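Here is the structure we will look at, set down as structure tokens.
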Amino acid sequence: MYRYDEFDRRFLEERVAQYRDQVRRRLAGQLSEDEFRPLRLMNGLYLQLHAYMLRIAIPYGSLSPAKLRVLARIARRYDRGYGHFTTRQNIQFNWIKLEETPDILAELAAVEMHSIQTSGNCIRNTTADPFAGAADDEIEDPRPWCEIIRQWSTLHPEFSFLPRKFKIAVSAAATDRAAVRLHDIGLYLRRNAAGEVGFEVLVGGGLGRTPMIAKTLRDFLPKHRLLAYLEAILRVYNEFGRRDNLYKSRIKILVQALGIDKMRDAVEREFGAMGESALPLPPATVAAIAAHFAPPTLAAPGADDETELARALAQAPALARWVRYNVAPHRAAGHAIVTVSLKPPGRPPGDASAAQMELLADLAERYSQGEIRATYEQNLVLPHVRRRDLPALWRHLGEAGLATANAGLASDIISCPGLDYCSLANARSIPVAERLSRHLAARDQEIGELHIKISGCINACGHHHVGHIGILGVDKNGEEFYQITIGGSADENAALGAIVGPAVPSAAVTGAVDTLIGVYLDLRREGERFPDTYRRIGAAPFKEALYAAA
Amino acid sequence: MPHGPIAAASRPPMAAVATRRTVTGNRLRDGVPVYFAGAGRWSPAVAEARHVAEAEAGALLAEALAGPPPHPVIAPYLIEAVLRDGRLVPLGLREEIRAFGPTVRPAES
Ligand code: HEM
Ligand code: SF4
């Protein structure tokens with residue numbers, strides 16, 4: 001994991017001291033709320049319905065045990081004993097007191113964490129494949145590039161007041177586990193015909209009110225030109241992105257207005273004008289950063305590892321089921337990537353208690369080379385587990401309610417906080433997710449892979465547009481209604497879902513989802529996932545089933 | 001399904017019940033929703049809120065806003081509420097949830 005240098009450390013300490021003074025002045029009445037709000041937002045502090053909410057960046061979703069323990073400590077000491085992992089690989093605490101935030105930020109700084117650039121019109125936390133450095137289908141570890149982007153984008157003076165927030169995601173794998181195409185800039189590490197590794201650069205993805213899938217700006221960018229090219233894109237956006245209308249200010253709207261070809265011309269012109277030597281990334285610099293992400297030394301598997309595991313699987317069907325869904329292949333022989341589901345049926349998606357976080361920190365040390373990852377699907381990952389250890393790990397997880405065998409299945413639902421916490425919400429999200437996961441859990445295996453995503457308003461923090469089944473809360477004369485979309489997808493074949501028909505009342509959501517799943521189960525062909533069936537048969541059978549009965 | 005006070009409050013108000021006005025906001029030091037109880041006092045309990053008829057709402061808000069900085073409450077505002085069985089219940093799901101907390105049980109700690 002990347003370690004801060006002296007400069008980073010000093011900067012964070014000074015920043016905490018500065019913020020402490022700002023809070024003091026606010027509480028003393030020397031700063032008005034209008035003066036203070038931008039200052040607290042610059043430190044990730046929002047005001048929600050019941051309290052302040054602190055959003056803490058987890059750079060590219062990577063956590064060490066020490067960091068996770070501090071998050072647990074914050075949950076226990078300053079919050080109500082839990083935190084919420086979000087679709088941006090961040091964590092949010094919902095019950096924060098303003099007067100305690102300077103101490104919280106100081107505790108975070110001690111483990112090289114902060115909340116800077118988790119709000120506002122700047123470049124936000126860069127997200128990445130949570131299986132980075134472990135996946136068997138990746139070209140190289142994308143995290144050094146995320147770290148390079150982090151260093152470049154943190155406190156970048158030119159890009160601190162963009163027209164709107166800006167999100168970047170990076171993946172180097174064949175399977176997109178980072179929702180790259182839904183970001184302002186998406187980066188895929190690719191190998192070209194000559195065998196060199198570079199970036200495919202995509203631009204203009206985003207959800208919210210006007211959802212769009214990113215388009216390819218450049219098929220292949222040599223790696224050492226990454227920062228110059230990003231800078232060129234940001235400059236074009238900074239100059240031409242709209243500042244007159246909040247709803248049209250994201251880069252996706254600029255790309256839509258210009259068209260991808262004109263956008264490309266503008267970026268290439270800027271890029272060309274910067275010259276070959278702009279923002280150089282000499283191999284030595286890249287290598288020094290990459291050294292922080294050196295792969296762990298993994299022991300060669302023992303001769304009887306697989307027979308031992310097979311015996312355990314045969315004895316415990318629940319373990320076998322968990323291994324089937326929550327364990328993914330690792331690039332190193334005898335090892336595996338474990339997804340720790342934060343989606344027990346009937347509970348709020350993405351929440352983890354302090355005790356669970358502490359246990360995971362311990363288990364990561366014992367079983368996963370001290371690494372933990374957060375996923376945009378609101379789960380956690382232990383990326384380097386020896387296969388032989390899977391049964392023991394599963395037992396420990398199970399004791400803390402962390403062994404739900406549903407990764408990628410119907411009850412593994414993404415949900416934003418919705419009206420239970422969020423001041424922008426139109427309707428609740430979590431109770432809908434709870435009812436659905438409780439209802440669907442028993443049928444997870446029969447249904448297979450299915451991504452249900454729920455947002456409490458059009459801002460789409462819960463990614464509903466790209467759910468296989470998406471659910472959006474709307475307010476109809478003070479009543480909670482939910483608009484349902486189908487056929488969306490967030491992976492390498494990203495697609496936006498289509499609205500199936502009029503919104504349904506809260507009490508009808510579970511039944512409606514059941515009906516849609518029923519159509520899929522009836523009509524799917526061997527190996528088809530929900531969006532595959534939808535693409536083949538279209539929306540009509542789903543609409544008929546849903547609205548004909550009514 | 002909605003439960004507890006939420007279930008009761010998300011029912012549309014009966015026309016016969018006169019709506020009351022009360023002042024709320026989030027407390028500066030910890031963000032907790034509080035209600036103006038009169039005489040410079042703010043309470044986290046909506047039951048302690050002072051409530052008035054619509055005609056007196058402006059005066060109530062002015063009284064709630066008065067005082068030297070720092071005001072203990074961020075951006076106080078008027079809301080509608082009704083008396084149900086003698087108990088003051090804010091109208092609208094958003095204010096209901098602010099008053100009575102999330103409708104979901106958080107993770108065990
Ligand atoms: C205080 C709570 C929150 C506020 C005020 C907030 C605000 C917003 C707004 C205004 C947008 C729309 C941006 C646009 O269309 O330009 C948005 C989008 C988004 N937010 Fe949130 N959000 C909150 C909580 C969350 C949470 C809990 C998550 C993760 C679970 C999240 C992740 C996202 C994502 C992924 C998007 C859509 C992607 C995009 O930027 O296009 N936000 N948020
Ligand atoms: S989608 Fe809407 S309700 Fe949900 S967290 Fe985002 S802003 Fe809040």
Does A:Ala490 fit the bill of being within 13 Å of ligand 1 (Cβ to nearest atom) and either over 18 Å from the mean Cα position of the chain (by Cα) or not assigned by TED's automatic domain parsing to the domain that holds A:Ser341 (or both)?
yes
Out of (1) within 13 Å of ligand 2 (Cβ to nearest atom); (2) in contact with an Asp or Glu (Cβ under 8 Å, 6 or more places away or on another chain); (3) within 14 Å of chain B (Cβ to nearest Cβ), the odd one out for A:Ile414 is which?
(3)
Answer with yes or no whether A:His463 is crowded, with 22+ Cβ neighbours inside 10 Å, under 17 Å from A:Arg88 (Cβ atoms), more than 14 Å from chain B (Cβ to nearest Cβ) and within 21 Å of the chain's Cα centre (by Cα).
yes
Of the residues A:Ser489, A:Ser437, which is buried (at least 24 other Cβ atoms within 10 Å of the Cβ), away from chain B (no Cβ under 14 Å) and touching a residue at least 24 places away in the same chain (Cβ under 8 Å)?
A:Ser489
Condition check for A:Gln48: crowded, with 21+ Cβ neighbours inside 10 Å, within 12 Å of another protein chain (Cβ to nearest Cβ) and not charged (D, E, K, R)
yes
Search the range A:84-106 for residues being buried (at least 18 other Cβ atoms within 10 Å of the Cβ) and more than 14 Å from chain B (Cβ to nearest Cβ), and hand back the single one that is nearest to A:Pro163 (Cα to Cα).
A:Arg88
Going through the range A:347-366 one residue at a time, which ones are within 12 Å of chain B (Cβ to nearest Cβ) and of a type in the set (Asp, Glu)?
A:Asp351, A:Glu358
In the range B:43-73, what residues are β-branched (Val, Ile, Thr) and farther than 19 Å from A:Glu33 by Cβ?
B:Val46, B:Val52
Any chance the range A:394-403 includes a residue that's within 14 Å of chain B (Cβ to nearest Cβ), charged (D, E, K, R), under 30 Å from A:Thr307 (Cβ atoms) and away from ligand 1 (no atom under 12 Å from the Cβ)?
yes
Only listed residue being away from ligand 1 (no atom under 16 Å from the Cβ) and out of contact with any Ser or Thr (no Cβ under 9 Å at 6 or more places or on another chain), chosen from A:Ser411, A:Ser368, A:Ser423
A:Ser368
Answer yes or no as to whether A:Val519 is surrounded by 17 or more Cβ atoms within 10 Å (Cβ to Cβ), touching a residue at least 12 places away in the same chain (Cβ under 8 Å), part of a helix (DSSP H, G or I) and within 29 Å of the chain's Cα centre (by Cα).
no
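Residue-wise test of (1) in contact (Cβ under 8 Å) with a residue 12 or more places away in the chain; (2) among the hydrophobic types (A, V, I, L, M, F, W, C); (3) not in a strand (DSSP E or B).
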residue	(1), (2), (3)
B:Pro69	no, no, yes
B:Tyr77	yes, no, no
B:Val82	yes, yes, no
B:Glu95	yes, no, yes
When you scan the range A:161-233 for strands (runs of 3 or more DSSP E) that lie fully inside it, which ones turn up with 1 or more residues that are surrounded by fewer than 19 Cβ atoms within 10 Å (Cβ to Cβ) and not assigned by TED's automatic domain parsing to the domain that holds A:Gly473?
A:185-191, A:197-203, A:215-222
When you go through A:Gly456, A:Gly478 one by one, which is the residue that is in contact (Cβ under 8 Å) with a residue 24 or more places away in the chain, within 14 Å of another protein chain (Cβ to nearest Cβ) and touching a Pro at 6+ places or on another chain (Cβ under 8 Å)?
A:Gly456
Conditions: (1) more than 15 Å from B:Thr19 (Cα to Cα); (2) of a type in the set (A, V, I, L, M); (3) surrounded by 16 or more Cβ atoms within 10 Å (Cβ to Cβ); (4) within 14 Å of chain A (Cβ to nearest Cβ). B:Leu65 meets all but one. Number of the miss?
(3)
For the structure I just gave you, tell me whether A:Asp514 is among the acidic types (Asp, Glu), away from chain B (no Cβ under 12 Å) and crowded, with 18+ Cβ neighbours inside 10 Å.
no
B:Ala45 vs. criteria more than 8 Å from chain A (Cβ to nearest Cβ), surrounded by fewer than 20 Cβ atoms within 10 Å (Cβ to Cβ) and within 19 Å of B:Arg21 (Cβ to Cβ):
yes
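The values are calculated or read from the model by the stated rules, or taken from the named source; none is laboratory data. All of these numbers come straight from a predicted model, not from anything done at the bench. Because the Cβ atoms are built from the backbone with ideal geometry, glycine has one as well, and the counts that use them run over all protein chains shown.
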